[in-house]
Amino acid sequence: MDAAIEVADLRKTYRGRRTGEVRAVDGVSFRVERGEFFGILGPNGAGKTTTLEIVEGLRRPDSGEVRLLGRSPWPHSPDLTRRLGVQLQASAFFEFLTAREQIETFAELYGATKARAAEMLETVGLAEHAAVRCEKLSGGQQQRLSIACALVGDPELVFLDEPTAALDPQARRNLWDLMRAINAEGRTVVLTTHYMEEAEALCDRVAIMDAGRVKAVDSPAGFIRKLDAPTRVTIASGQLTDERIAELASGETVTGGDGTVVFETRDPRKLLTALASDGALEGLAVRTANLEDVFLHVTGREWRG
Amino acid sequence: MTATAEREAVRAPRGRAFLSLFKALGRGWIRDRSQIFFTILLPLMFMVLLASVFGSGDTAASRIVAVGDVAVLDGADADEFAVSSAPDLDAALAMLREGDADAAVVQDGAVVRIYPSATNATGGAIAEGRLSALVDDVNVEVLSAAAPGETVLATDVEEADGGALQPIQYLAPGILAWGVAISGVFGAAGTIVDWKRDKLLRRLRLTPASVKTFLGAKVSVNLVVAIGQTAVFLAVAAVAFGLRLSAWTWFAAPLVLLGTFAFLAIGVVIGGIAQTSPAAAGLSNLVTMPMAFVSGAFYPLALSPQWVQWLSYASPMRYLNEALQSVVVYGEPPSAVLPQIGFLAAFAALVGLISWKTFKFDEL
């Protein structure tokens, strides 16, 4: 069976009058297996959206090769697009239509039934708002409607371009549940995001992009394991003597100040047990390495998501 | 499965896609109040405005200020003259400057001195003509009395076209052409700028429906709108303003459709250049206003300066206006407007080609 997506050495350069030459995509290759939840993570301007648009078939690369479900996205073919579901960054809606009319129009384009359209509205939790005009929906509701439109054709492969950007934390968590459910139904999901915790929470594998290149591809856990970074354990200062702190650190780094003591340890279990028996758990915070540390490590730059 | 059957299988969903897109876009149009305003209400407002500007004055009585005793006005017909008096010439001239009268009259023995208004030149000229005729009438009476039995010539004025060419007959086709032009140009330019913003076309390119089907549905909505606009406009003009429709009026439909193609093409070029809605509206104005002014839609070309007449050949509105006037008002058969149809078609094809060549699909 073909991979869901195969991308080889994509390149795309924009020539702007003011900006000069910008290499938006500079030799990108990756492969997404069927059923995978694949993330493309990078700061704004890393080339995520351009890469996605090339893969979807909206833009033609200057060079490179794309295979979607074993076929080229060019030229436009109804047989291929029928199997894709797409959610774009902008909420692309027909003006002045209600949520129901909107999704029913998309359903007709994909040859799906009205029942399916209603079911999708239900799935994304918009059944109560079916009669509301799209422009009157909140940002989160619009994103969910947009995802419902992407799903209405029962696609094998779903593209989601920064679906949670500009949403409040609660709306973002709700969308995460929805995206997990989509993937759990056996659909391949490709997600771009500039939220570290989002990629970490959802993706089977993540491609880290920066300046038009894929810097590394791995699972979030794999990235962190390879990073081999110490766990940072913070407690409020004044609970332990300096001698005891030095003893507990046993040669590893300790920093302090601002009313806290911070241990960096590779054996957090032992340290935490000792702190507990000392009764020195006030202000305790444990922070393991996350994708932010990975990004710093992979790109050599601080995350500025 | 035969090749035809296979093609049928592909075509069937395309027809359905066209219908659902047409429905979605049509609904959106009907619910957009600004569209209704621009296509239906604005042209009607212009008709009311222009009809009252051009339609008044010529039948109303001339306002005459008599300075002192003006004996000749004693025989004046109240339908033609509304006479007031002023104590001296200076007061009368002041009234003329303020536009309170069309002419001042002083009678000095056998000489009737007329001061036509410069403020309202047309009213002044009409008053002057009527006063001269009044003096002639009085002279004829005096001479007839002096030489009875002598034959005297008299004039009798009949309106040309049996009175058909009321201002509305002239104005309606022009305003209709203008209405069709603004809804086409503004509509297309605004739509394309909207698509740049909300990426609807980009999203639709990733559905099984083709871009051609979508654009076809969009243009079809505009064409249906243009026909509806024409029907409403002509109906209101006929019922409320006394526009007399010829038997060939139905031929306005194909003319308006052809014109809509030309104006949509202009709008697409503008939409390609503009990046925001205000920019699109501004540029659309910049193009449609001069186009309307030099088209003869609001003011007869024959009375316009030579350079306007030359420029008018470049305005597609001129041809639409002329053709509509010929078939709707004068009742000429479609064969009489073949040259206009040819120019409009050529214009639509040329601008359509330009829009196709300059359009950047990547921006949508």
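Suppose we keep only residues that are more than 16 Å from B:THR260 (Cβ to Cβ) and open to solvent by 30 Å² or more (accessible area, probe 1.4 Å) within the range B:30-43. Which one would you say is nearest to the other protein chains (Cβ to nearest Cβ)?
B:ARG31
Please give the number of the condition B:VAL67 fails out of (1) buried (at least 20 other Cβ atoms within 10 Å of the Cβ); (2) outside the structural domain of B:VAL232 (by TED's automatic domain parsing); (3) at pLDDT below 85; (4) aliphatic (A, V, I, L, M).
(3) is the only condition that B:VAL67 fails.
So is B:PHE261 in the same structural domain as B:THR39 (by TED's automatic domain parsing), under 15 Å from the mean Cα position of the chain (by Cα) and either among the hydroxyl-bearing types (Ser, Thr, Tyr) or crowded, with 16+ Cβ neighbours inside 10 Å (or both) or not?
no
For the range A:208-227, give me the residue count where each residue is in a helix (DSSP H, G or I) and open to solvent by less than 30 Å² (accessible area, probe 1.4 Å).
3
With respect to A:GLY42, is the statement that it is of a type outside the set (D, E, K, R) and in contact (Cβ under 8 Å) with a residue 40 or more places away in the chain true?
Yes; evaluated as a whole, the condition is true for this residue.
Here are some residues: B:SER304, B:SER246, B:SER284, B:SER312. Which one is within 25 Å of B:TRP356 (Cβ to Cβ) and either outside the structural domain of B:ILE168 (by TED's automatic domain parsing) or not hydrophobic (A, V, I, L, M, F, W, C) (or both)?
Exactly one residue qualifies, and that residue is B:SER284.
So which of B:ALA302, B:ALA279 is modelled with pLDDT under 90 and assigned to a helix (DSSP H, G or I)? Walk me through it before giving the result.
Working: B:ALA279 fails: modelled with pLDDT under 90.
Just a single option satisfies the conditions, and that option is B:ALA302.
Every residue, every condition in (1) open to solvent by 60 Å² or more (accessible area, probe 1.4 Å); (2) outside any loop (DSSP other than H, G, I, E, B); (3) over 26 Å from A:ALA216 (Cβ atoms); (4) in contact with a strand residue (DSSP E or B) (Cβ under 7 Å, 6 or more places away or on another chain), yes or no:
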| position | (1), (2), (3), (4) |
| --- | --- |
| A:ALA229 | no, no, no, no |
| A:THR234 | no, yes, yes, yes |
| A:GLY238 | yes, no, yes, no |
| A:PHE263 | no, yes, yes, yes |
| A:THR273 | yes, yes, yes, no |
| A:GLU282 | yes, no, yes, yes |
| A:GLU292 | yes, yes, no, no |
| A:PHE295 | no, yes, no, yes |
| A:VAL298 | no, yes, no, yes |
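Every residue, every condition in (1) in contact (Cβ under 8 Å) with a residue 12 or more places away in the chain; (2) within 30 Å of A:ALA199 (Cα to Cα); (3) touching a Lys or Arg at 6+ places or on another chain (Cβ under 6 Å), yes or no:
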residue	(1), (2), (3)
A:THR253	yes, yes, no
A:PRO268	yes, yes, no
A:ALA274	yes, no, no
A:SER277	no, no, no
A:LEU281	yes, no, no
A:VAL286	yes, yes, no
A:HIS297	yes, yes, no
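How many of the residues making up the range B:122-155 are open to solvent by less than 60 Å² (accessible area, probe 1.4 Å) and either among the hydroxyl-bearing types (Ser, Thr, Tyr) or on the phi > 0 side of the Ramachandran plot (or both)?
Residues flagged as open to solvent by less than 60 Å² (accessible area, probe 1.4 Å) and either among the hydroxyl-bearing types (Ser, Thr, Tyr) or on the phi > 0 side of the Ramachandran plot (or both) within the range B:122-155 amount to 2.
Take the conditions free of Cβ contacts under 8 Å to residues at least 40 places away in the same chain, touching a strand residue (DSSP E or B) at 6+ places or on another chain (Cβ under 8 Å) and over 27 Å from A:GLU302 (Cβ atoms) and apply them to A:ALA246. Does it pass?
When the stated conditions are applied, A:ALA246 passes them.
If a residue counts only when it is closer than 21 Å to B:MET317 by Cβ and more than 14 Å from chain A (Cβ to nearest Cβ), which helices (runs of 4 or more DSSP H) contained entirely in the range B:192-276 have at least 2 such residues?
The qualifying helices (runs of 4 or more DSSP H) are B:211-241, B:252-273.
Considering only the range A:145-171, state which residues are over 19 Å from A:THR49 (Cβ atoms), out of contact with any Cys (no Cβ under 8 Å at 6 or more places or on another chain) and part of a helix (DSSP H, G or I).
A:ALA148, A:LEU151, A:PRO169, A:GLN170, A:ALA171 - these are the residues of the range A:145-171 that are over 19 Å from A:THR49 (Cβ atoms), out of contact with any Cys (no Cβ under 8 Å at 6 or more places or on another chain) and part of a helix (DSSP H, G or I).
If you go through the range A:51-70 one residue at a time, how many are open to solvent by 20 Å² or more (accessible area, probe 1.4 Å) and within 14 Å of chain B (Cβ to nearest Cβ)?
Residues meeting the conditions: 4.
Looking at A:ILE40 and the list (1) of a type outside the set (Phe, Trp, Tyr); (2) in a loop (DSSP other than H, G, I, E, B); (3) away from chain B (no Cβ under 12 Å), which single condition is not satisfied?
It is condition (2) that A:ILE40 fails.
Would you point out which residue out of A:ALA150, A:ALA115, A:ALA127, A:ALA131 is open to solvent by 40 Å² or more (accessible area, probe 1.4 Å) and touching a strand residue (DSSP E or B) at 6+ places or on another chain (Cβ under 7 Å)?
A:ALA131
Residues of the range A:128-144 being out of contact with any Leu (no Cβ under 6 Å at 6 or more places or on another chain) and part of a loop (DSSP other than H, G, I, E, B), which ones?
Scanning the range A:128-144 gives A:ALA131, A:VAL132, A:LEU137, A:SER138.
Considering only the range B:321-340, how many residues are open to solvent by 40 Å² or more (accessible area, probe 1.4 Å) and within 20 Å of B:ALA292 (Cβ to Cβ)? If you could, list the steps in order and put the result at the bottom.
If we filter the range B:321-340 for residues that are open to solvent by 40 Å² or more (accessible area, probe 1.4 Å), which is where we start, we get B:322, B:330, B:332-333, B:335-336, B:338-339.
Checking the rest, the ones that are also within 20 Å of B:ALA292 (Cβ to Cβ) come to B:322.
Residues meeting the conditions: 1.
Any residue at all in the range A:64-85 that's more than 30 Å from A:ARG116 (Cβ to Cβ) and either at pLDDT 90 or above or assigned to a loop (DSSP other than H, G, I, E, B) (or both)?
Yes, that holds for at least one residue.
What's the number of the only condition in (1) without any contact (Cβ under 8 Å) to a residue 24 or more places away in the chain; (2) within 11 Å of another protein chain (Cβ to nearest Cβ) that A:ALA127 fails to meet?
All conditions are met except number (2).
Of the residues that sit in the range A:81-105 and are open to solvent by less than 10 Å² (accessible area, probe 1.4 Å) and more than 7 Å from every other protein chain (Cβ to nearest Cβ), which one is nearest to the chain's Cα centre (by Cα)?
A:GLN87
The values are calculated or read from the model by the stated rules, or taken from the named source; none is laboratory data. Quantities reported herein were computed from a predicted structural model and do not represent experimental measurements. Note that each Cβ is placed from the backbone with ideal geometry, even for glycine, and that neighbours are counted across all protein chains shown. Note: areas computed on protein heavy atoms with side chains; ligands, DNA, RNA excluded. Shrake-Rupley method; radii C 1.70, N 1.55, O 1.52, S 1.80 Å.
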